[in-house]
Amino acid sequence: MNVLIKSATIIDPKSEFHNLTQDVLIENGKITKVGKTIKNTNDYQEIKLENLHISQGWFDSSVSFGEPGFEERETIKNGLKTAASSGFTSIALNPNTNPILDTNSDIIFVKSKGDKNAVTVLPIGALTVGSKGVDLAELFDMNTAGAVAFYDYKKPISNPNLMKIALQYASNFDGLVLSFPQENKISGLGVMNENITSTRLGLKGIPALAEELQVARDLFLLEYTGGKLHIPTISTAKSVDLIREAKKKKLDITCSVAVHNLCFTDETLTSFDSNLKVLPPLRTQSDIDALINGVKDGTIDMVTSDHTPIDIEEKKVEFDHANYGTIGLESAFGALQTVFTTKKTIDVLTKGKQRFGIEQSPLNIGNAANITLFNPESKYTFNKGDIKSKSKNSIFEGSDLKGNVYGIISNNKISLNK
């Protein structure tokens, strides 16, 4: 793959060309030349686009598709096409399939389906057999097969001893354990944030306490056992404080926040739109403010789309009975641009790589080309026509977003949006 990128502003603090507008020559998948003006002497494909910016390829730490078992929601093939058009060169794929990804053969299957693609698939194996929270799954075998972490997607580990053993066992091979931050005995049958809004709407609430108890418990277990822990999709101000204190203690802890939890409060649920039903639930403005500050000061390590395709039959029902989840790959960049500067947006979309075992590839001569191409300034209203996923359950439909993606260059392949 040979291509010449013309007049691109480079956003990469790890590159010697950071903040410069340059031509970038890529030959056989590697950056071979960067300069103010590069002549196309070999008649390579040229990429010249309006207000073109490039950065290291983006990474999403929490993506669900469906295949195997739920292909009607999303296939791996179309899901990766959607990820590429959304600017992501790598994604961590959740194990919430049918069957659950809890063996080495399951991990090998997913990796094989993603082979020879511009987007790198990083499978997450289930932490427990069948994600039932009873017995540990084959963690070491899955790690050997290519699993980058272990997680019972959206299912908290209720048994603290099981979480303790998981952290201890995984530390033998430097494995990363994920723990969903919710205490189900506290959350009960809640479907939204417990607050004045839930009372007014007559919907059962999930108190912030349900998340914070679980976060506190897991941090105590991490301090006791050692190991590596990642807490995905936190949503409350107190959770940010707890993790901030844990980092001061030098615990090996990271966390993420879903982009929609930075953009919407529980007050938006007055429409009873089931696309707004997510887990963890949308919280208050004070929680959003704390989460944004947590991203800015580095307490929150990464932002995820938490992309979760859901069948229309499981969304077009009464709010109480609708499934949790929203798709988010297509809207992630545009939504983040409404909250943060472009520099910060690129930072939170790239710095989670190392935690999940992805080698950084700065935009320097001699490095493999792992690049996202985008325009940070364009403004538009996100609608169904912008959705590439098979499922259409987007929380951002009708939202005003900023910035659009042109495509990616990765794994010696070019994937550009038409």
*asked:* Computed from the coordinates I sent, Cα extents along the principal axes in Å equals one of (i) 81, 74, 37; (ii) 67, 48, 43; (iii) 105, 50, 46. Tell me the label.
replied: (ii)
*What accessible area per residue, rounded to a whole number of Å², is obtained for the chain using a probe radius of 1.4 Å?*
40 Å²
*With a ≥ b ≥ c the root eigenvalues of the C-alpha gyration tensor of segment 282-326, is it rounded (a/c under 1.5), prolate (a/b larger than b/c) or oblate?*
oblate
*asked:* To make sure I understand the rule: partners must be aspartates and glutamates, Cα under 14 Å from the Cα of Lys154, and not fewer than 8 residues away in the same chain. Which ones qualify?
replied: Glu183, Glu211, Asp306
_What translational diffusion coefficient, to the nearest whole µm²/s, does segment 309-408 have by Stokes-Einstein, given a Kirkwood radius computed over alpha-carbon pairs, a temperature of 20 °C and 1.002 mPa s viscosity?_
137 µm²/s
*Springs between alpha-carbon atoms under 10 Å, Gaussian network over the chain: tell me which of Glu194, Glu314, Glu67 tops the mean-square fluctuations.*
Glu314
_For segment 149-155, Karplus couplings with θ = phi - 60° (6.51, -1.76, 1.60), whole Hz, Gly/Pro x_ = 6, 9, 7, 8, 3, 6, 10
*What pairs from Lys113/Lys316; Lys247/Lys315; Lys132/Lys277; Lys343/Lys390; Lys48/Lys111; Lys351/Lys379 go past 29 Å between their alpha carbons?*
Lys113/Lys316; Lys247/Lys315; Lys343/Lys390; Lys48/Lys111
_Residues in segment 160-194 that a label on Lys132 would reach, taking backbone N under 19 Å of a point 7 Å out along Cα→Cβ_ = 160-163, 166
*Mean residue ellipticity at 222 nm from the helices of the chain, using -39,500 (n - 2.57) per DSSP H segment of n ≥ 4 over the full residue count, to the nearest 500 deg cm²/dmol?*
-7500 deg cm²/dmol
*Take the Cα atoms of segment 5-87, build their convex hull, and give its volume per residue in Å³.*
136 Å³
*In whole angstrom, how far apart do the alpha carbon centroids of segment 38-93 and segment 247-275 sit?*
24 Å
*Tell me, what is the 1.4 Å probe accessible area of His260, in Å² to the nearest 10?*
0 Å²
_Net charge within 12 Å of Ile371 by Cβ-Cβ distance, Lys/Arg positive one each and Asp/Glu negative one each, not counting Ile371 itself?_
+1
*At what distance in angstrom do the alpha carbon centres of segment 3-35 and segment 198-215 lie from each other?*
48 Å
*Projected onto the charge dipole of segment 86-175 (+1 at Lys/Arg Cβ, -1 at Asp/Glu Cβ, origin at the Cα centre), which of Met163, Gly133, Leu93 gives the Cα projection farthest towards the positive end?*
Leu93
*Using a Gaussian network for the chain with springs between C-alpha atoms less than 10 Å apart, which of these wobbles most: Lys250, Lys155, Lys30?*
Lys250
*Using the Kirkwood radius built from alpha carbon pairs, what does the Stokes-Einstein equation give as D for segment 169-279 at 20 °C and 1.002 mPa s, in µm² per second?*
142 µm²/s
*asked:* How large is the Rg to Rh ratio of segment 221-264 when both quantities use alpha carbon positions and Rh follows Kirkwood?
replied: 1.02
*asked:* Beyond 21 Å, how much of the Cα-Cα pair distribution for segment 52-189 remains, as a whole percent?
replied: 43 percent
*Taking amide H positions as placed in the peptide plane 1.01 Å from N, state which residues far from Asn193 in sequence (5 or more) or on other chains have amide H under 5 Å from it.*
Ile206, Leu282
*Per residue of segment 402-418, in order, report the coupling 6.51 cos²θ - 1.76 cosθ + 1.60 (Karplus, θ = phi - 60°) as ³J(HN,Hα) in whole Hz, putting x for Gly and Pro.*
9, x, 10, 9, 8, x, 9, 10, 6, 6, 6, 9, 10, 10, 10, 6, 8
*List the residues whose amide H sits under 5 Å from the amide H of Tyr406, counting only those 5 or more places along or on another chain, with H placed 1.01 Å from N in the peptide plane.*
Leu373, Phe374, Asn375
*Applying 1/(1 + (r/R0)^6) with R0 = 35 Å to the Cβ-Cβ distance of Thr341 and Asp174, what FRET efficiency is obtained, to the nearest 0.05?*
0.55
*Global form of segment 330-374, assessed from the alpha-carbon gyration tensor, a/c cut-off 1.5*: prolate
*Run the accessible area of the chain with a 1.4 Å probe and give the carbon-and-sulfur part as a rounded percent.*
49 percent
*When the chain is treated as a GNM, springs tying every alpha-carbon pair under 10 Å, which of Ile11, Ile358, Ile107 comes out with the largest mean-square fluctuation?*
Ile358
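The values are calculated or read from the model by the stated rules, or taken from the named source; none is laboratory data. The structure displayed is predicted, hence computed values, not measured ones. All Cβ positions, glycine included, derive from the backbone under ideal geometry; neighbour counts span all protein chains shown. Areas reflect the complete protein model, heavy atoms only, side chains present, ligands, DNA and RNA absent. Shrake-Rupley method; radii C 1.70, N 1.55, O 1.52, S 1.80 Å.
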